[in-house]
Amino acid sequence: MTLRHDPQIEAQRKPSLVPAIVAAIASAIIPGLGQILGRAYRRGILILFSLGTILGLTVWRFKRAAPRDTGFVDIFKKALHLDASLVLVVTLIAVLYIWIIVDAYLLVKRTGTGTPMGAGLMLVNLLVFFALGWQIGQIDIAALGSGFDEGIGPIKRIAWPWEKAVNYEEDIVFPVSDIQVPCHEDFPAPPPSEPVSNLPYVIADPTCGLLSEQGGESGTVLHLEGFNFSPGIEAQIKWLDPLSNEFRQRQEGAYVKVIPDEEGYFEVDIIMPYRLLPPSATEPTYIWKIGAEQVAAVGKAYVSDELKIIIEKMVETIFIGMMATFFGIIFALPVSFLAARNLMSASPITLAIYYLVRAVLNIIRSIEPIIWAIVFVIVVGLGPFAGILALTLHSVAALGKLYSEAIESIDSGPIEAIQATGASWLQTVMFAVVPQIVPPFVSFTIYRWDINIRMSTIIGMVGGGGIGFLLVQYIRLLEYDYAGLCVWFVAVTVAILDYVSAEIRARFV
């Protein structure tokens, strides 16, 4: 709400319809009514609608805070008890209410000289909206501080992910020991692994046992020993089930891993994991395998497959934005002339076309590209074509509006001069309008190209092609290093395109 004090306006205002005390009482009953009776109509209407909006939002937040309670008093008490921020909101509303009453009294009392309450009233009003925004936004500074330690790891991986851009040829060793599940008197347990000189091997004790039960008893505890491993290099404990499915085991919330000592030896106790076998598994016993996987040697570096895919998708993203901008220009150019009021007001028919085109452009532009992408994914399927269609449609609406406004702001002199010669509408456009609109058209087109490049990363998240699809998948899989590579490529690409667009703009604008 803007309550601007202007002495000249105050001096011109007619005397109040009611005394000051009556104006104050009227504003106490209906906030803003006293100001209206004091002939400060705009001020009173703004106060009425502002406080009405504030009260509506406050009632909504109270009901959200105490959804199971009924009755105003019960909801009020319960909400204040559960959410302390509402106490501040209520306090500020009370201050604003009193301020409105005092403002109405002073406004009438000082008719012709103005009132100093306007600026304070606006400030309190803004404070109430800010407090409501804080409460609706559920801003929690303490949560930000407490959760920062957990977020610093992913942030670091996203900020510097380049270790994942390069892989190295690896010599991996994975010696295993057989474990029979369960122990059975008719089937002897497998013998311990035989020592192998100069080669890594593991020995498990015992070599049979029971798996853990989901939500029940823990499985057999195995004592696993490893020999002849590379000293000081991490080894991951892994299992192979009877179907040869490899999986890592968590213990105490973390994957089990060991670091061999200087002799290449390690030992660790492992609780046998929980694992389901398919219904077709009917044998009395099965052989599982447990082992330690270690990278024994590292060879030459090579570009990771993930980096290659990211580069491919980034190129796809660039071309999605480029093609959408290209098609957007083609369709927006003719539409923009139909959406320019100064060119379409010659007759009722053309004016009706102007209003129709404007309405269609506003509707299309009001729907975000990501929504259009979802629609076109349904129509044409997943892939970049859906993204191009979504961005093209939105670009036509956005550029059509910008182009038409550029046309409406041109100098009317050349138009009138050419029309005086008897030129047709098309000739007027070609020789009086086009020469004036080339610079703003180029500027708007480059700006839209930049927007389309950035938006193409977003629509990829819903299947519209491009790097956005990879980015959201990596985030869902907690692969923050690869997500960081995607972010870096997007940032670098946008920076390069910004430089290129600046050069183009300098030449044409």
**Item:** Residue satisfying condition, being in a helix (DSSP H, G or I) and buried (at least 19 other Cβ atoms within 10 Å of the Cβ), within set 406, 417
**Value:** 406
**Message:** Taking the condition of being part of a helix (DSSP H, G or I), free of Cβ contacts under 8 Å to residues at least 60 places away in the same chain and within 16 Å of residue 94 (Cα to Cα), how many residues in the stretch 26-50 meet it?
**Reply:** 2
**Sole residue being farther than 16 Å from residue 28 by Cβ and in the same structural domain as residue 32 (by TED's automatic domain parsing), chosen from 52, 120** = 120
**Message:** Would you confirm, using the coordinates I've provided, whether residue 422 is assigned by TED's automatic domain parsing to the domain that holds residue 487, over 30 Å from residue 347 (Cα atoms) and not in a helix (DSSP H, G or I)?
**Reply:** no
**Request:** Six or more apart or on different chains, Cβ under 9 Å: which pairs go from a residue in the stretch 342-370 that's farther than 16 Å from residue 408 by Cα and outside the structural domain of residue 437 (by TED's automatic domain parsing) to one that's modelled with pLDDT under 90 and assigned to a helix (DSSP H, G or I)? Could you list them?
**Result:** none
**Item:** Top-ranked residue of the stretch 254-282 - restricted to ones that are part of a strand (DSSP E or B) and within 18 Å of residue 295 (Cβ to Cβ), ranked as farthest from the chain's Cα centre (by Cα)
**Value:** 266
**Item:** Members of the stretch 171-198 that are of a type outside the set (Val, Ile, Thr) and loosely packed, with under 11 Cβ neighbours inside 10 Å
**Value:** 185, 186, 191, 194, 195, 197, 198
**Checklist (1) at pLDDT 90 or above; (2) surrounded by 17 or more Cβ atoms within 10 Å (Cβ to Cβ); (3) more than 40 Å from the chain's Cα centre (by Cα) applied to residue 293, failing item** = (3)
**Request:** For the stretch 262-278, name all the residues that are at pLDDT below 90 and among the hydrophobic types (A, V, I, L, M, F, W, C).
**Result:** 276, 277
**Fill in**
A careful count of residues in the stretch 221-246 that are touching a Pro at 6+ places or on another chain (Cβ under 8 Å) and not in a loop (DSSP other than H, G, I, E, B) gives 5
**Residue, farthest from residue 445 (Cα to Cα), within the stretch 299-325, restricted to residues that are small (Gly, Ala, Ser) and modelled with pLDDT under 90** = 299
**Prompt:** So which residues in the stretch 474-498 are more than 22 Å from residue 391 (Cα to Cα), out of contact with any Gly (no Cβ under 9 Å at 6 or more places or on another chain) and part of a helix (DSSP H, G or I)?
**Reply:** 475, 476, 481, 482, 483, 484, 485, 488
**Message:** Looking at the stretch 373-390 only, could you name the residues that are more than 21 Å from the chain's Cα centre (by Cα), among the aliphatic types (A, V, I, L, M) and buried (at least 17 other Cβ atoms within 10 Å of the Cβ)?
**Reply:** 389
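The values are calculated or read from the model by the stated rules, or taken from the named source; none is laboratory data. Keep in mind it's a predicted model, so treat the numbers as computed, not measured. No Cβ is skipped: glycine too gets one built from the backbone with ideal geometry, and neighbour counts run over all protein chains shown.
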